[in-house]
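Enquirer: My questions all concern the structure below.
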Amino acid sequence: MKNNTNILVIAPTLPKYDLTSGDLRFYTILKILASSYDICMFCLSEKDKGNRYEDELKGFGIELHFGSTEFADFLHKKSFKLALFEFYYTLDFHLERLRLLQPKCRIVMDTVDVHYMRLQMKYELTRDEADLRSMQETRAKELAAYEKSDLLVTVTKDDAIGLKSDLGDFRYFIIPNIHEIVISNSQPQKNTLIFVGGFSHDPNVDAMLYFCNQVLPLVRENADVKLIIVGSNPPEQVQALQNDHVTVTGYVESTTPYLHDSYISVAPLRFGAGMKGKIGEAMAHGLPVVTTSVGAQGMGLKHGDNILIADSEQDFAEAILHLLKDNELYGTIRNNGLRYIQDNFTSEHVAALLTKLVTTIADVPIKRMPLKEKLGFYFDYIMRLAKPAFGLHSHKN
């Protein structure tokens, strides 16, 4: 039986859980919340109508709306305990109406990852002025959105600590990635490495170019291994990596068969933020993971216990070779990794966190809308009403 609590969700698109780990996390959060609360979701994009993602969310009992034409009228009909905004840039849509029409509704911002921190790391790697400008612009917009929120949801404590230097004291709640244990009874192919990641995400492109050009040759000097690269939208430079020992699959409906056929998961990420879903997913499927310090961010993993962490090409290659040659080390990393996921990142664990978030949200102070912003909103609203009434039209230069 559902709790008598209404939750509003605003997101750019429906979560395409089979394309990115962030969308899988968001999809699972919605599924968990919908089992206990009444969820109304506004998708800013109209293009997501009429597909299996829409059908699945409706199957959970989630009320879906697309675009923003009916939003103001909707707020007069139903009151919400909290509004969950997915990504910082969605806050530009509907925040003012929410503050004015539902002043008791708490504004919760799900950061997903802290974008400008990822871009900062990218700039430190490339030293490209364009990357620096992108980081600075994103940082200004992102922090402005976070400052307007009553509560931030971060995926890791590391993200929250990183934000503290820019935001000062702020309220946050950690909701990590979510993984289910999926073990196979079949034996994997011992000489097979796997990388999983959608290639609309820059860090994944960089990771594979770096790995195939600088790390994989070092491994193949000592072991006859092959690499499977799994992920949607591989660009030309990633597709060009394919050869007799590297396979680029593109989009696949399920990563599970590929993970179960592989022996070691590699995640040679050189920049990024948040929690890396590819690592938790591989561990949940029973694969030992070799990654970088960037890849291990925020998960509390321990090198040599439940993961291997290496930041240079030589160290990364040696870590792979150790797992290939040392069966005892392989079993230790594999079994401890499985246990760590089971203890920290399953649906049951995150469901308890979400229940705590919803039940304690009333204790979070509400940030009031400044008078200047209120007046600006009312002025814009009156002008929008006046244009058709008085024959006013906007002119484009």
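The values are calculated or read from the model by the stated rules, or taken from the named source; none is laboratory data. Not measured: the values here are computed from a predicted model. Every residue, glycine among them, receives a Cβ derived from its backbone with ideal geometry; neighbour counts consider all protein chains shown. Surface areas here come from the heavy atoms of the whole protein model, side chains and all, with no ligands, DNA or RNA. Shrake-Rupley method; radii C 1.70, N 1.55, O 1.52, S 1.80 Å.
Enquirer: Looking at the stretch 260-278, which of its residues are out of contact with any Lys or Arg (no Cβ under 8 Å at 6 or more places or on another chain) and farther than 20 Å from Ala317 by Cα?
Expert: His260, Asp261, Met275, Lys276
Enquirer: Can we say Ala140 is open to solvent by 40 Å² or more (accessible area, probe 1.4 Å), under 19 Å from His201 (Cα atoms), assigned to a helix (DSSP H, G or I) and modelled with pLDDT of 95 or more? Walk me through it before giving the result.
Expert: Numbers: open to solvent by 40 Å² or more (accessible area, probe 1.4 Å): yes; under 19 Å from His201 (Cα atoms): no; assigned to a helix (DSSP H, G or I): yes; modelled with pLDDT of 95 or more: yes.
No, not satisfied.
Enquirer: Tell me yes or no: at least one residue of the stretch 299-307 is part of a helix (DSSP H, G or I) and more than 20 Å from the chain's Cα centre (by Cα).
Expert: Of the residues in the stretch 299-307, the ones part of a helix (DSSP H, G or I) are none.
So far as the stretch 299-307 goes, no, none of its residues is part of a helix (DSSP H, G or I) and more than 20 Å from the chain's Cα centre (by Cα).
Enquirer: Among the residues in the stretch 317-324, are any farther than 30 Å from Met135 by Cα, open to solvent by 40 Å² or more (accessible area, probe 1.4 Å), touching a helix residue (DSSP H, G or I) at 6+ places or on another chain (Cβ under 9 Å) and not small (Gly, Ala, Ser)?
Expert: Scanning the stretch 317-324, I find at least one residue that is farther than 30 Å from Met135 by Cα, open to solvent by 40 Å² or more (accessible area, probe 1.4 Å), touching a helix residue (DSSP H, G or I) at 6+ places or on another chain (Cβ under 9 Å) and not small (Gly, Ala, Ser), so the answer is yes.
Enquirer: Another question about this same structure. Give Asp131, Asp150 a once-over and let me know the one that is within 25 Å of Val358 (Cβ to Cβ) and charged (D, E, K, R). Even if it seems obvious, please write down each step before you answer.
Expert: Working: Asp131 fails: within 25 Å of Val358 (Cβ to Cβ).
Just one listed residue meets the conditions, Asp150.
Enquirer: Considering only residues of the stretch 261-298 that are among the hydroxyl-bearing types (Ser, Thr, Tyr) and in a loop (DSSP other than H, G, I, E, B), which is farthest from Gln189 (Cα to Cα)?
Expert: Only one residue fits best here, namely Ser293.
Enquirer: Here is a check on your reading of the model: is Ser232 among the hydroxyl-bearing types (Ser, Thr, Tyr) and open to solvent by 20 Å² or more (accessible area, probe 1.4 Å)?
Expert: So Ser232 fails the test.
Enquirer: Which residue, of Asp128, Asp150, is within 23 Å of Tyr37 (Cα to Cα), out of contact with any helix residue (DSSP H, G or I) (no Cβ under 7 Å at 6 or more places or on another chain) and either basic (Lys, Arg) or at pLDDT 95 or above (or both)?
Expert: Numbers: Asp128 fails: within 23 Å of Tyr37 (Cα to Cα).
Sole residue among the options that is within 23 Å of Tyr37 (Cα to Cα), out of contact with any helix residue (DSSP H, G or I) (no Cβ under 7 Å at 6 or more places or on another chain) and either basic (Lys, Arg) or at pLDDT 95 or above (or both): Asp150.
Enquirer: Inspect the stretch 163-171 for any residue being touching a Leu at 6+ places or on another chain (Cβ under 7 Å), open to solvent by 60 Å² or more (accessible area, probe 1.4 Å) and among the basic types (Lys, Arg) and give the result as yes or no.
Expert: The answer is yes; a qualifying residue exists.
Enquirer: Go through the stretch 271-305 and count every residue that is free of Cβ contacts under 8 Å to residues at least 40 places away in the same chain and open to solvent by 10 Å² or more (accessible area, probe 1.4 Å).
Expert: Total satisfying the criteria: 7.
Enquirer: Moving to a separate point now. Residues of the stretch 209-222 being surrounded by fewer than 14 Cβ atoms within 10 Å (Cβ to Cβ) and in contact (Cβ under 8 Å) with a residue 40 or more places away in the chain, which ones? Full working, then the answer.
Expert: Here is the first cut: in the stretch 209-222, the ones surrounded by fewer than 14 Cβ atoms within 10 Å (Cβ to Cβ) are 213, 217, 221-222.
If the condition is that a residue be surrounded by fewer than 14 Cβ atoms within 10 Å (Cβ to Cβ) and in contact (Cβ under 8 Å) with a residue 40 or more places away in the chain, then Asn222 is the only one that fits.
Enquirer: What is the one condition in (1) modelled with pLDDT of 95 or more; (2) surrounded by fewer than 21 Cβ atoms within 10 Å (Cβ to Cβ) that Ala83 does not satisfy?
Expert: Just one mismatch for Ala83, condition (2).
Enquirer: Here is a follow-up. Take the residues of the stretch 86-106 that are open to solvent by 20 Å² or more (accessible area, probe 1.4 Å), closer than 25 Å to Thr359 by Cβ and touching a helix residue (DSSP H, G or I) at 6+ places or on another chain (Cβ under 6 Å): which is modelled with the highest pLDDT?
Expert: That would be Arg106.
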